[in-house]
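The next block holds one structure in the form of structure tokens; read it before the comments.
Each reported figure results from applying straightforward, stated rules to the coordinates on display, with no laboratory input. Note that this is a predicted model, so its numbers are computed, not measured. Cβ coordinates were reconstructed from backbone atoms using ideal geometry, including for glycine residues, and neighbour counts include every protein chain displayed.
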Amino acid sequence: MTKKYDQIDFKIIQELSQDARKSAAKIAKNIDVNERTVRRRIEKLIEDKTVRITTIVDPNSFGYNAIADINLKVDDPVYNDFIESCKANPNVCYIATGWGKANLSIETRFIDNSDMYNFINHTLSEAEGVEVVNYFIIPKIIYNIDEWLPVQDDFKEE
């Protein structure tokens, strides 16, 4: 279900996207809205899970520069356990279901290509009920989800 937000919410989200630590008082001053309104709106955006105030760590800062997107066919009997093992693997940073021959997609990051090679060609390929459908070596991520913002048209007029 799509939630309804207005231009005040849009302005608050823009302010938070620039600095998630910005105080409600500073946001209120910048967008010319009462501070209590800003606090209430931020609480509602968080409660509705529309925004998350979180820390985003850049894997490149830790040398995780070898990136691969991997599409997999995972058999039903091992599907849930395999997902849990992916979630526990520090090299897996994204998991999504897929359609077609591949029913699971993962994004992985490694310190070097050797680790990536071993993961794709041994860890995954030797896992029971798991088939590597294809993979893409990613030399550079140009745009990522942590940079995405809704457009102004997504918000109704005040």
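Of the chymotrypsin sites (Phe, Trp or Tyr not before Pro) found in region 9-83, no site is in coil according to DSSP while having at most 15 other Cβ atoms within 10 Å of its Cβ.
Of the beta bridges DSSP finds with both residues in the chain, what % are antiparallel, to the nearest 5? Percent antiparallel among DSSP bridges in the chain is about 95. List the aspartates and glutamates whose Cα sits under 17 Å from the Cα of K29, skipping any in the same chain fewer than 8 residues away. In chain and number order, the partners are D9, E15, D19. Each Lys and Arg adds +1 at its Cβ and each Asp and Glu adds -1 at its Cβ; summed about the Cα centre, the chain shows a dipole of about 800 debye. Annotation: amide H-H contacts under 5 Å for L104 (H modelled 1.01 Å from N, sequence separation of 5 or more, or interchain): L72, V74, G98.
Couplings 3J(HN,Hα) of region 45-56, computed from phi: 4, 6, 4, 6, 6, 7, 10, 10, 8, 8, 9, 10 Hz, in residue order, whole Hz [Karplus 6.51 cos²θ - 1.76 cosθ + 1.60, θ = phi - 60°; x for Gly and Pro].
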